[in-house]
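Down below is the structure, laid out as structure tokens.
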Amino acid sequence: MFWHQHPWVLPLAAAMLGATCGAFSALYVFKPDEYPAVSYGLFVVPAVLAGWAAPRPGSASVAGVIAMLGGTLGHFVGVRFIEYAQNDLEYRAWIVIALAFGALVGLMGHRIRDGEPLRRATAAALAIGLLMAPVHLWYSVGTYATEHADPRLYALDLCAATLVLLACRGLVPRVLALMIAVPFAPLFSTLSVFSSALLWWAGGGI
């Protein structure tokens, strides 16, 4: 009833949460080596929570898009205050990614509180697999990458996955979600290679 009476509150909250997390991700950069480490948590979790709070699947997808666009804007603003040289042209690709995947992630968040336990478990597994994709990719590179990994990054990813798991009601769906998430992590880490190519192209690559 609250969402129906105040339809503007959820988009506003999604935008503010996404922008805050995006700015934080820019201001607090993990640099275990000369390159910044990657975490999806601060971009995925706001979209998941926005979708989880939405009353309908359609509004969940819209809220997910708004949360990811807010995260992109927050990151853009946050980068202005640090020394890290971010290529601003890459934000063109981030906007495309936010529009395409924000709707899917928001819908995932809505499914996490579905009445069917298997749907809850599958949606949570997809979100957790996406959150764990950078960790899988980091470890699959080899010993050099793992030796130079920042443990705070793993703690952030673990907290993000735990938050998604807590949003999934029921002990059995949570255990099932952890089991199903295992094959999704390498799948999403492979798909992240395509997003890297998109960012390279948007940043001026030929």
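Structural remarks
- Residues in the range 125-167 that are at pLDDT 75 or above and more than 24 Å from residue 109 (Cα to Cα): 152 alone.
- Filter result (under 22 Å from residue 174 (Cβ atoms), of a type outside the set (Asp, Glu) and at pLDDT below 90) within the range 98-116: 113, 115
- The residues of the range 160-177 that are open to solvent by 90 Å² or more (accessible area, probe 1.4 Å), in a helix (DSSP H, G or I) and touching a residue at least 12 places away in the same chain (Cβ under 8 Å) amount to a single one, 172.
The values are calculated or read from the model by the stated rules, or taken from the named source; none is laboratory data. All values reported here derive from a predicted model rather than from experimental measurement. With ideal geometry, Cβ positions are generated from the backbone for all residues, glycine too; neighbour counts draw on all protein chains shown. To get the accessible areas, we keep the full protein, side chains included, count just its heavy atoms, and leave off ligands, DNA and RNA. Shrake-Rupley method; radii C 1.70, N 1.55, O 1.52, S 1.80 Å.
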